[in-house]
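Working notes for the structure below.
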Amino acid sequence: MGTALVYHEDMTAARLLWDDPECEIECPERLTTALERLQQRGLEQRCLQLAAREASEAELGLVHSPEYVALVRGTQALGTGELQTLSGQYDAVYFHPSTFHCARLAVGAALQLVDAVLAGAVRNGLALVRPPGHHSQRAAANGFCVFNNVAIAARHAQRQHGLHRILIVDWDVHHGQGIQYIFEDDPSVLYFSWHRYEHGRFWPYLRESDADAVGQGPGLGFTVNLPWNQVGMGNADYVAAFLHVLLPVAFEFNPELVLVSAGFDSAIGDPEGQMQATPECFAHLTQLLQVLAGGRVCAVLEGGYHLESLSQSVCMMVQALLGDPAPPLSGPMVPHGSALESIQSVRVAQAPHWMSLQQQGVAPVLSPRPYSPEGRPSSLLLTGRPEFKAAATQDVAALSSLLDQPRLNPTPPVRTAVALAAPDAALALPSDVLCEEGSAPQEETQAWARPHEALAQDRALTALGKVLYLLDRILDGQVSSGVAATPARAASAALDVAIRRGLSHGAQRLLCLAVGQLDRPPDLTDDGRNLWLNIGGKEAAAPSMFHVSVPLPGTTGGFLSCVLALVLPLAYSFQPDLVLVALGPAHGLRDPQAALLAALLRGPAGGRVLALVDEECTPQLVVVLARVLHGEAAPSLGPASTASPEDAQALVQLRGHLEPRWKMLQAASEAGGPGSG
Ligand code: Q9C
Ligand code: ZN
């Protein structure tokens, strides 16, 4: 199942007709540039292209008052002077005679996308629209937004498709207060927004954008606000926010559909956001969301005002929707102190409403800074760390070189291959998953096998030859990911060879996630190039920062926190260029759990994941691993459950021990003291 791209050229018609420095950034080129770039990269052509339709007035009425809709309808006939006067009655809004038509197309595009996904015509998609929507309210335009595209799409999904739980992820750099107001007392829509806040000194200057606004009445806990109190937030901060706030809550909520208010003013170079996240980050965020709701992700454009940064970020998102592996994240994966304070403050505010946040242990915020409206716009220039002010003012050249880099992005010709002893033609593999027939040369295989008694048998040797062949194809960039099988009693030996071969044949850093009874190669050194993480095996005799072992949690909730709070933070901190996921004897994972691990580990390694399974495992396991490595949606884990107190405790302790080295594990600022994280 594919990806829809919904668009209509008419949405470029609206434009600012008078001088207004605040509004001029919301221009038609935002759409034309992004679309051109999608075409240039061959991405548009890979999507199911749908022409946007206009929403009906009944559809607008799902969210907006009839009087407001009539008022906007009336703007079609106004002259420029009258348009300017009316625009002045709202905050950061301009009307054009084509605004009503464009805004109805923008809503219609979002509805069409939701219909295509919920009808099963596509798995996911993007609506490229303007005007944006998330600031718009029942009876008011606001912040360039006229109708609330995403809020209407959510109501439509409920009314027309009978959905009960919808997650809205708003990664635009501004707070979508319009969406918050519409759903604040509604537990059927979980609204997550991060936004530049600066303790209330950034537009729209609302007290209710802070972390302690969590919804009202039956909607308590279904509004999740993550305020950024400094500019300069980057890849590490955004990924940490997903791992430590959004995803635990989202898995517990268990949405049937994910809507994304996809604003790219949170990306590097944007004049509004002043943030530092690179375009690739949006591929990672998109991938992370695709493990929810069976991969049903509908993204709708909101802001994004740096044309080059916007276009590249849009391309990254579409690539991820199409299932392509995300390019590795650049830069140090160390969240800023201020980001950790923000993350901690949301976790504290939300802990009463979500089990998944209670169990990971939440420290109190030691020095909450009061909201101080008196110092707002004037102090804006004084906020932010000095290095980011420098980045914002003098680093234009550095930014454009960053954005200009012809992204080598060596997308391997084969996305996923499987290497099995006896390939079963009946395996229900996606059509372009390659069944690899090749083997490494026999002498070479024998040489690698020699030290291992377990590899002496013919069957084990044959399997090893196939593992090595597939591994080499991954290391030389021919294949992105794969699944290979070995006999159970040769599993540790084959893994030992794969690790040593990987490290000697091109992998700079190799992460090995070993599940079940597998032995760590005895002669592995802690030289920073390999990280061994064992789940549910023997306890490490000499644990270190590169030798970690944790018991397999007994419940779904425990497993999820192990993945989100330990495995992925370690993996994103380590930044491996190859991940081996080995399912050893007695690994104890259910197929959907194994699939989730494989799907999520694509992120940190640029998609280079080799899964090693037991020859005797079920064909279903091989198929589901191949499918998720190929970019298809991970199957659902089923209803969330709590982690057992023992599992939760083990995790808290281990994280405390590892945090000083692996900074993505932090979920609270160091000032949080003992017990934090
Ligand atoms: N420099 C969207 O991104 N101006 N709307 C703020 C602060 C209004 C943004 C001024 C920004 C509206 C959809
Ligand atoms: Zn915005």
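Below is a table of values for the structure above.
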{"item": "Count of residues meeting criterion [open to solvent by 10 Å² or more (accessible area, probe 1.4 Å) and under 13 Å from the mean Cα position of the chain (by Cα)] in the stretch 247-277", "result": "0"}
{"item": "Residue among A667, A633, A650 that is open to solvent by 20 Å² or more (accessible area, probe 1.4 Å) and over 30 Å from L470 (Cα atoms)", "result": "A650"}
{"item": "Positions within the stretch 154-175 being within 16 Å of ligand 1 (Cβ to nearest atom) and either more than 23 Å from G88 (Cβ to Cβ) or surrounded by fewer than 24 Cβ atoms within 10 Å (Cβ to Cβ) (or both), in sequence order", "result": "I168, V169, D170, W171, D172, V173"}
{"item": "Scan of the stretch 284-317 for residues that are more than 16 Å from ligand 2 (Cβ to nearest atom) and under 24 Å from Q575 (Cβ atoms), ordered by number", "result": "H284, T286, Q287, L288, L289, Q290, V291, Q312, C315, M316"}
{"item": "All positions within the stretch 205-228 that are open to solvent by 20 Å² or more (accessible area, probe 1.4 Å), within 16 Å of ligand 1 (Cβ to nearest atom) and not aliphatic (A, V, I, L, M)", "result": "Y205"}
{"item": "Residue satisfying all of: in the stretch 616-630; touching a residue at least 40 places away in the same chain (Cβ under 8 Å) and not in a loop (DSSP other than H, G, I, E, B); most open to solvent (accessible area, probe 1.4 Å) among these", "result": "R627"}
{"item": "Residue in the stretch 182-199 that is under 20 Å from L289 (Cα atoms) and within 11 Å of ligand 1 (Cβ to nearest atom) present", "result": "yes"}
{"item": "The stretch 575-598, residues that are open to solvent by less than 10 Å² (accessible area, probe 1.4 Å) and part of a helix (DSSP H, G or I)", "result": "A594, A595, L596, L597, A598"}
{"item": "Qualifying residue in the stretch 176-191 (condition: under 28 Å from R30 (Cα atoms), of a type in the set (A, V, I, L, M, F, W, C) and modelled with pLDDT of 95 or more)", "result": "yes"}
{"item": "Filter result for E198 (open to solvent by 20 Å² or more (accessible area, probe 1.4 Å) and either free of Cβ contacts under 8 Å to residues at least 24 places away in the same chain or away from ligand 2 (no atom under 14 Å from the Cβ) (or both))", "result": "no"}
{"item": "Members of the stretch 502-518 found to be closer than 13 Å to G588 by Cβ and crowded, with 18+ Cβ neighbours inside 10 Å, listed by number", "result": "A514, V515, G516, L518"}
{"item": "Scan of the stretch 123-145 for residues that are outside any loop (DSSP other than H, G, I, E, B) and away from ligand 2 (no atom under 12 Å from the Cβ), ordered by number", "result": "R123, N124, G125, L126, A127, Q137, A140"}
{"item": "Cβ-Cβ under 8 Å pairs, at least 6 apart or on other chains, the stretch 325-354 side closer than 17 Å to G221 by Cβ and touching a residue at least 60 places away in the same chain (Cβ under 8 Å), far side among the charged types (D, E, K, R) and open to solvent by less than 50 Å² (accessible area, probe 1.4 Å)", "result": "W354/E252"}
{"item": "Index of the failed condition, P279 passing every other in (1) at pLDDT 95 or above; (2) more than 29 Å from F253 (Cβ to Cβ); (3) more than 16 Å from ligand 1 (Cβ to nearest atom)", "result": "(2)"}
{"item": "Among the residues listed as G79, G74, G2, G42, the single one being open to solvent by 10 Å² or more (accessible area, probe 1.4 Å) and at positive phi", "result": "G42"}
{"item": "Sole exception among (1) in a loop (DSSP other than H, G, I, E, B); (2) open to solvent by less than 10 Å² (accessible area, probe 1.4 Å); (3) more than 16 Å from ligand 2 (Cβ to nearest atom) for V334, by number", "result": "(2)"}
{"item": "Residues (buried (at least 18 other Cβ atoms within 10 Å of the Cβ) and touching a strand residue (DSSP E or B) at 6+ places or on another chain (Cβ under 6 Å)) located in the stretch 45-67", "result": "C47, L50, A52"}
{"item": "Any hit, the stretch 585-596, residues being in contact (Cβ under 8 Å) with a residue 60 or more places away in the chain and in contact with a Ser or Thr (Cβ under 7 Å, 6 or more places away or on another chain)", "result": "no"}
{"item": "Residues satisfying the stated conditions in the stretch 104-145, i.e. within 13 Å of ligand 1 (Cβ to nearest atom) and either aromatic (F, W, Y) or open to solvent by less than 10 Å² (accessible area, probe 1.4 Å) (or both)", "result": "A106, V129, R130, P132, G133, H134, H135, S136, A141, G143, F144, C145"}
{"item": "Evaluation of P97 against (1) more than 16 Å from P204 (Cα to Cα); (2) within 11 Å of ligand 1 (Cβ to nearest atom); (3) open to solvent by 20 Å² or more (accessible area, probe 1.4 Å); (4) not aromatic (F, W, Y) (one fails), failing number", "result": "(2)"}
{"item": "Single residue of P279, P255, P271 found to be more than 23 Å from E341 (Cα to Cα) and within 16 Å of ligand 2 (Cβ to nearest atom)", "result": "P271"}
{"item": "Single match in R41, R37, R30 (criterion: closer than 29 Å to G125 by Cα, within 16 Å of ligand 2 (Cβ to nearest atom) and modelled with pLDDT of 95 or more)", "result": "R30"}
{"item": "Failed criterion for L570 (all others in (1) of a type in the set (A, V, I, L, M, F, W, C); (2) open to solvent by 20 Å² or more (accessible area, probe 1.4 Å); (3) at negative phi hold)", "result": "(2)"}
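The rows are residues; the columns are (1) assigned to a helix (DSSP H, G or I); (2) surrounded by 15 or more Cβ atoms within 10 Å (Cβ to Cβ); (3) under 25 Å from the mean Cα position of the chain (by Cα); (4) modelled with pLDDT under 95.
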{"position": "P406", "(1), (2), (3), (4)": "no, no, yes, yes"}
{"position": "A425", "(1), (2), (3), (4)": "no, no, no, yes"}
{"position": "Q446", "(1), (2), (3), (4)": "yes, yes, no, no"}
{"position": "L464", "(1), (2), (3), (4)": "yes, yes, no, no"}
{"position": "L471", "(1), (2), (3), (4)": "yes, yes, no, no"}
{"position": "S480", "(1), (2), (3), (4)": "no, yes, yes, no"}
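The values are calculated or read from the model by the stated rules, or taken from the named source; none is laboratory data. None of the values given here were measured: they were computed from a predicted structure. All Cβ positions, even for glycine, are placed from backbone atoms using ideal geometry, and neighbour counts span all protein chains on display. Surface areas here come from the heavy atoms of the whole protein model, side chains and all, with no ligands, DNA or RNA. Shrake-Rupley method; radii C 1.70, N 1.55, O 1.52, S 1.80 Å.
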